[in-house]
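Read the structure below first, then the notes.
The values are calculated or read from the model by the stated rules, or taken from the named source; none is laboratory data. Bear in mind the structure is a predicted one, so any value in this text is a computation, not a measurement. Cβ placement follows ideal geometry from the backbone for every residue including glycine, while neighbour counts extend to all protein chains displayed. All accessible areas refer to the heavy atoms of the entire protein, side chains included, with ligands and DNA or RNA removed. Shrake-Rupley method; radii C 1.70, N 1.55, O 1.52, S 1.80 Å.
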Amino acid sequence: MAPRSSPPPPLRWAKPRQLHRRVPPFLLLFLCAASLLLTLTFLRSSAVVLRIANSLGRQCAQEYDSGADAGAPGSWRRSVAMVSFSDEGESGGGRRSFRGVGEAVAGNKRAYAAAMGYGYVDARGLVDPSRPPSWSKILAVRWLLPRYDWVFWNDADTMVMNPAISLENILHAAIGHRDFDKSPDLVVTEDTNGINAGVFFVRRSEWSEKFLQTWWNQSSFVQFGSTKSGDNDALKQLIYNLPLGELRTHIVISRMQCLFNSYPWVPTLKSIHRLFTSPRSTWNGVYSDGDFMVHLAGLDDKKKWVAKMLEELG
Ligand SMILES: *[C@@H]1O[C@H](CO)[C@@H](O)[C@H](O)[C@H]1NC(C)=O
């Protein structure tokens with residue numbers, strides 16, 4: 001008997017194609033659904049884990065000894081003012097609009113300032129119309145500095161979430177001591193984009209006065225018609241180009257962003273990308289229960305966020 005000849009080539013080649021055709025559509029559908037579900041579960045758990053960062057051991061105020069000055073108005077206690085614009089509605093509508101919630105946010109800060117004995121100033125009247133409103137924070141802080149030892153600027157999309165923490169505590173934690181005369185002049189935080197100009201402290205001093213003038217003078221950074229107004233970029237450029245000695249003497253960049261400038265984490269392409277590229281920075285800055293201040297930086301629908309945060313405050 002002659003050995004069986006192998007099947008003719010056309011059949012051999014036909015096989016894989018037949019196999020391929022046999023993958024049932026429901027299986028493909030199932031695989032798609034499963035990966036979608038996995039992704040959603042991952043995003044949901046990331047949001048949950050980040051939200052409880054503080055109970056997982058993150059410490060926003062590492063240097064601070066909490067027992068030392070629990071409310072005691074010691075010699076370090078200084079006159080402090082919080083300053084903000086209560087409403088940026090003038091800058092127009094759009095997704096980032098803040099119209100209608102300015103008063104709720106201002107109320108939150110005014111109540112905190114009153115309870116702590118700080119000044120609260122709404123600097124809406126100081127807005128210079130020749131630049132996007134955000135620039136006028138510089139004018140507002142300059143205007144207040146002669147009257148206060150420390151001025152604490154906060155953007156309109158920030159709220160005090162833990163009113164038990166005093167600004168003195170925060171400054172102490174950031175600076176590491178309480179000697180006003182030897183203190184740095186500018187206390188800021190850094191996020192994944194670098195220095196953030198939304199929330200910062202300025203100390204009354206000649207250096208501060210000159211620095212604020214120089215910042216205001218960076219008019220080439222002024223931008224209209226974008227979510228960026230340029231004041232933050234101007235500040236970054238100034239700080240990152242300071243001689244190292246001057247930087248060390250006059251500026252403190254808080255080691256932990258969550259000390260006074262926490263951002264809620266929401267899954268967007270950008271934030272997911274950052275979670276992988278800058279996990280530490282995300283972790284240090286994410287809003288978690290117990291944090292002092294929440295900053296709705298870069299978020300759309302601020303109105304909804306403000307309502308949600310106020311509800312959490314009770
Ligand atoms: C800022 O600009 C003004 C007006 O041009 C000028 O008088 C002032 O000296 C400048 N200040 C600084 C610190 O650059």
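Of the residues that make up region 222-242, is at least one farther than 26 Å from residue 127 by Cα and among the aromatic types (Phe, Trp, Tyr)? Yes, there is a match, as at least one residue in region 222-242 is farther than 26 Å from residue 127 by Cα and among the aromatic types (Phe, Trp, Tyr).
Within region 186-212, the set of residues being within 16 Å of the ligand (Cβ to nearest atom), surrounded by 21 or more Cβ atoms within 10 Å (Cβ to Cβ) and outside any helix (DSSP H, G or I) comprises 186, 202. Taking the stated definitions as given, is residue 173 open to solvent by less than 10 Å² (accessible area, probe 1.4 Å), in a helix (DSSP H, G or I) and more than 16 Å from the ligand (Cβ to nearest atom)? So residue 173 fits the description; yes. Per the listing 36, 11, the residue uniquely in a helix (DSSP H, G or I) and modelled with pLDDT under 90 is 11.
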